[in-house]
Amino acid sequence: MHLDIATLLFAMTVCMVTMAVALPAVMGRVDEPARRAQAGVVLQGMGWALLLMSGLVDRGSMADRALSTAAMAGIIFGLALNAAAFDLWCGRAPDNRMPMLIAIALPLGYGLGFSSYPFRVGWANGLLTLEMAFVVAAVWRKPVVPVGKWRWLLVVSLLAQMVVTLWRGVLGAFFMESYPTFLSPHPVNYAFAIIANATTVLSLMAILLAHRDEAARKLERLATLDGLTGALNRRAWMTLAATELSVSVRYLHPVAVLMIDLDHFKQINDSHGHDAGDRALMFVARALQAAVRPGDLVCRFGGEEFCVLMTHADAAAAKAFDERMRAYVAEAAERELGFALSYSAGIAMRMSAEDRLEAIVKRADEAMYGAKAQGRSRTLDAHGLRLQAA
C-alpha cells in the first residue's frame, strides 16, 4: 500500500475538521477551557485545510501567499488556545502573553517574508515548535487539581511532533535542495504526517478526558459545597470537622465551634425580597471564609445558619474572631447589601478527649438559641455567659 504525504495530511485534516464539528455535540454545555479547546481545534482544522488548498494554486502566487499565511495563523492560534485550555484544566490561570505574541508574529513574518522560501519555512516551523512547547508545558507542569495520566501520552506525541517540525524547519531554511516543499516525499515529511495523525487522535482523547476530569471535579464540589454560598454543606463539614477534631485530640490543641444564625432573616425576605436574603447569605459566607485561618472550616449549616470549626483556637481566640466578624458585618452590610444585618451566635469548646463533634455542635447550637432568646445580636458561650452584644 502506497501513501503519499498529501494523503496522510488530508486524512489528518479530515480528522481535525471532524473533531471540530463533533466536539460541541459530544461535550454539550461547556466551560471556559472547553470553549478554548473547541475553538483551537476549529482553527487548526481550518489552518490545515487552507494549507492543503495552497498546494492547488500556482506556487509563489498571491493566492498561495494568502492561503498559506491564513493557514499558519489558524494553526498557531489554535495551538495557543489549546495551551490555555490545558492550563485551565490543570487548575492554573493561563499566561497568554507569549503564546499570543508568537501566534501574532508567525503569520505576520510569514506573510512579509513569503518570497524567501528558506525564511518562511524556517520561521514557520521554528515558531510552531515553540508554540507546541507551550502546550507541552501546560500539560507537563504539575497540575493544581487532580488530572488523569492521559496527559503523558499527549506530552510524548507532542514532543515527537516538535522534533520533526523543527527538523523540517532546519531542512527548509538551510538545506532547501533536499526539502523543496512540505509535500515532497522526504522522510521528515512522512514522519511528520504520521506523528501529526497520531497527535490529532491523542489530542481529541486528551480534550475529552480533561473535560471529563473537570466534570468529575464539579460533581465533587457540588457534593461538598452549598450551591448558593460556596461554603461547605453540612454533610461535608461534619465529615471534615470530625477529622480535625480527632487531630486536635491527638496533638492536644484546642478546638472551638461557632454557630451563627442571622437575625430576623424572614423579615429581610419579606421586606427586601428573597434575592436580598440570598445576597445576605452570600455576604456572610464570604466574610466568614475571608476571616478564617487555614485549617478552619466554614459551612452553611442550614437555612440562615452557619457553623465554623476553629482549630488551634481557645475560648479567647473564638471570642476575638466573633468580635471581628460582628464588627465587620455591622459596618459592611449597609454598604454592600443596602440594609443592616446582625446575627446571634453560640460558642462551644472541646471539653475533653472523649467529647464528640455532635455534642460540641449541640452545645454551640443551644448557646446560639439562648442568645436569640435574650434579644438577639449577641454571642453566648455554652455556659450561657454573654461574650458580645451589638
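The translational diffusion coefficient of the stretch 1-117, from Stokes-Einstein at 20 °C and 1.002 mPa s with a Kirkwood hydrodynamic radius over alpha carbon pairs, comes to 140 µm²/s. Check cross-link reach from Lys372 to the lysines: straight Cα distance under 19 Å, and skip same-chain residues fewer than eight apart. Excluding near neighbours in sequence, the set is Lys266, Lys319, Lys362. For the stretch 94-201, the share of alpha carbon pairs falling in successive 10 Å distance bins from zero is 14, 39, 33, 11, 2 percent. Can you give the angle from 0 to 90° between the axis of helix 150-174 and the longest principal axis of the chain, with both taken from C-alpha atoms, to the nearest 10? Orientation of helix 150-174: about 30 degrees from the principal axis. Normalising the average separation of contacting C-alpha pairs (under 8 angstrom, six or more residues apart) by the number of residues puts the relative contact order of the chain at 12 percent. Converting phi to 3J(HN,Hα) with the Karplus coefficients 6.51, -1.76 and 1.60 and the offset θ = phi - 60°, the stretch 110-125 yields 4, x, 5, x, 4, 5, 9, 4, x, 5, 5, 5, x, 4, 5, 5 Hz in sequence order, with x at every glycine or proline.
The alpha carbon centroids of the stretch 137-160 and the stretch 329-373 are separated by 46 Å.
In plain terms, the residue of Cys90, Cys307 with the fewest other Cβ atoms within 10 Å comes first and the most crowded comes last, giving Cys90, Cys307.
Taking Cα atoms only, the orientation of helix 357-373 departs from the longest principal axis of the chain by about 60 degrees.
The radius of gyration of the Cα set in the chain, together with its Dmax, comes out at 30.2, 93 angstrom. Fewest-first ordering of His186, His253 by other beta carbons within 10 Å of each residue's beta carbon gives His253, His186. Each of the peptides 242-251, 98-107 was scored by the mean count of other Cβ atoms within 10 Å over its residues; in descending order, highest first, they stand as 98-107, 242-251. Averaging the Cα positions of each part gives two centres, and for the stretch 196-219 and the stretch 265-324 these lie 38 Å apart.
What the pair-distance distribution of the stretch 234-389 shows, using all Cα-Cα distances binned every 5 Å from zero, is 2, 10, 20, 23, 21, 13, 7, 3, 1, 0 percent.
By the count of other C-beta atoms within 10 Å, a proxy for reagent exposure, Glu334, Glu177 are ordered fewest to most as Glu177, Glu334. Label-to-label distance, Glu32 versus Thr181, with points set 7 angstrom from Cα along the beta-carbon direction: 4.4 nm. Per residue, the chain reaches -23500 deg cm²/dmol at 222 nm when only DSSP H runs of four or more residues are counted, each adding -39500 (n - 2.57). Semi-axes of the equivalent ellipsoid of the stretch 5-222 are 31, 16, 16 Å, computed as sqrt(5λ) over the eigenvalues of the C-alpha gyration tensor in descending order.
Of all aspartates and glutamates in the structure, those lying under 13 Å Cα to Cα from Lys218, and not within fewer than 8 positions of it along the same chain, are Asp31, Asp226. On a 0 to 90 degree scale, rounded to 10, what angle separates helix 274-291 from the longest Cα axis of the chain? Orientation of helix 274-291: about 90 degrees from the principal axis.
For Asp95, no residue has an amide H sitting under 5 Å from its own, ignoring neighbours fewer than 5 places away on the same chain, with H placed 1.01 Å from N. Once the Cβ-Cβ distance of Asp58 and Leu219 is raised to the sixth power relative to R0 = 56 Å, the FRET efficiency obtained is 0.50.
Each reported figure results from applying straightforward, stated rules to the coordinates on display, with no laboratory input. All figures in this text were calculated on a predicted structure; none of them were measured in a lab. Using ideal geometry, Cβ is built from the backbone for each residue, glycine included, and neighbour counts are taken over all protein chains shown.
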